1. Can you find a residue in the stretch 114-126 that is β-branched (V, I, T) and under 16 Å from the mean Cα position of the chain (by Cα)?
2. Take residues that are within 30 Å of D73 (Cβ to Cβ) and tell me which of the helices (runs of 4 or more DSSP H) falling wholly in the stretch 180-259 contain 2 or more.
3. Could you check the stretch 29-59 and list, in sequence order, the residues that are charged (D, E, K, R) and surrounded by 12 or more Cβ atoms within 10 Å (Cβ to Cβ)?
4. Among the residues of the stretch 208-221, write down those that are open to solvent by 30 Å² or more (accessible area, probe 1.4 Å) and either hydrophobic (A, V, I, L, M, F, W, C) or within 20 Å of the chain's Cα centre (by Cα) (or both).
5. Please identify the pairs in which a residue from the stretch 231-253 that is over 18 Å from V180 (Cα atoms) has its Cβ atom under 7 Å from the Cβ atom of a residue that is in a helix (DSSP H, G or I) and open to solvent by 30 Å² or more (accessible area, probe 1.4 Å), counting only partners at least 6 apart or on another chain.
6. For the stretch 70-86, does any single residue satisfy the condition of being part of a loop (DSSP other than H, G, I, E, B), within 30 Å of T163 (Cα to Cα), of a type outside the set (K, R) and free of Cβ contacts under 8 Å to residues at least 24 places away in the same chain?
7. Of everything in the stretch 64-116 that's among the hydroxyl-bearing types (S, T, Y) and closer than 21 Å to L152 by Cα, which residue is surrounded by the fewest Cβ atoms within 10 Å (Cβ to Cβ)?
8. Are any residues in the stretch 96-152 in a helix (DSSP H, G or I), charged (D, E, K, R), at pLDDT below 95 and out of contact with any strand residue (DSSP E or B) (no Cβ under 7 Å at 6 or more places or on another chain), and if so, which ones?
Amino acid sequence: MLRIRQALEEGELELYYQPKVNMRSRALIGAEALIRWNHPERGVLPPASFLPLIENHVLAIDIGYWVLNTALDQILSWREQGIHVPVSVNIDAIHLQHPGFVDQLASALSQRPGIQPFDLQLEILETTALDDVKQVSGIMLACQRLGVGFALDDFGTGYSSLTYLKRLPAELLKIDRSFVRDMLDDPEDLAILDGVIRLAGAFQRQVIAEGVETQAHCDELLKLGCEWGQGYAIARPMPASSLPGWLAQWLQSESVPSA
């Protein structure tokens, strides 16, 4: 725990970004910010190797604010380069429901007047709202009044998906990669995908598929009516400095490459 605190204070943490695209038009629609730890001895560490250690700890809140501020600064940096990239950030339940969260977010936005409405999106897991759906819904509405959007991450994996869809005002549903990965071989996963996409349409929500690994995944998702995708076939998470070069190459190519 102390070593992770030290990593935050000494600038060892970095955000990588995984692009999200419209698979039909090939337009870049955003990027998900994903934390990495540039450990001086162990190299670049993925979030799974250290974030579980601080779950439900106050340090998760401090790192959460660092992620938010870093992402907002990056949005402005890309805009100075002529690239408009809305960024989504994963937000822990303990952080979202922390007293003063909305005020802190409002302050961060006011300090960056160049941020446009819905440049920032917060991704929450279905389980984030298990304790108090009403409270979480209220927080989400307050953030949306600030021009911040929401996505329900890993949608379909929780046991109360329909309850959350009805009661939480998220604009976007992210279909869990576990359904997308096997959709080409598993008729049940394909049926789940079709159902979620239709459900999103019925509730007037946008939908994006995670785990797009091949052109075949892309083609099948488009047939089902899901135009937005994210996954290794489109791009792996990359340092912020690499995104402009990736974008130029992506726009010149004509298909989603195989992973």
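The values are calculated or read from the model by the stated rules, or taken from the named source; none is laboratory data. Keep in mind the model is a prediction, meaning the values are calculated, not measured. Don't worry about glycine lacking a Cβ; one is built from the backbone with ideal geometry, like all the others, and counts go over all protein chains shown. Surface areas here come from the heavy atoms of the whole protein model, side chains and all, with no ligands, DNA or RNA. Shrake-Rupley method; radii C 1.70, N 1.55, O 1.52, S 1.80 Å.
1. Yes, the stretch 114-126 contains at least one residue that is β-branched (V, I, T) and under 16 Å from the mean Cα position of the chain (by Cα).
2. Ranges flagged: 243-252.
3. Let us first name the residues in the stretch 29-59 that are charged (D, E, K, R), namely 32, 36, 41-42, 55.
Once the filter is applied, which keeps residues that are charged (D, E, K, R) and surrounded by 12 or more Cβ atoms within 10 Å (Cβ to Cβ), the stretch 29-59 yields E32, R36.
4. The answer is E213, A216.
5. Going by the 7 Å Cβ cut-off, the qualifying pairs are M238/W246; A240/Q74.
6. No, the conditions are met nowhere in the stretch 70-86.
7. The residue in question is Y65.
8. Answer for the stretch 96-152, where residues must be in a helix (DSSP H, G or I), charged (D, E, K, R), at pLDDT below 95 and out of contact with any strand residue (DSSP E or B) (no Cβ under 7 Å at 6 or more places or on another chain): just K134.
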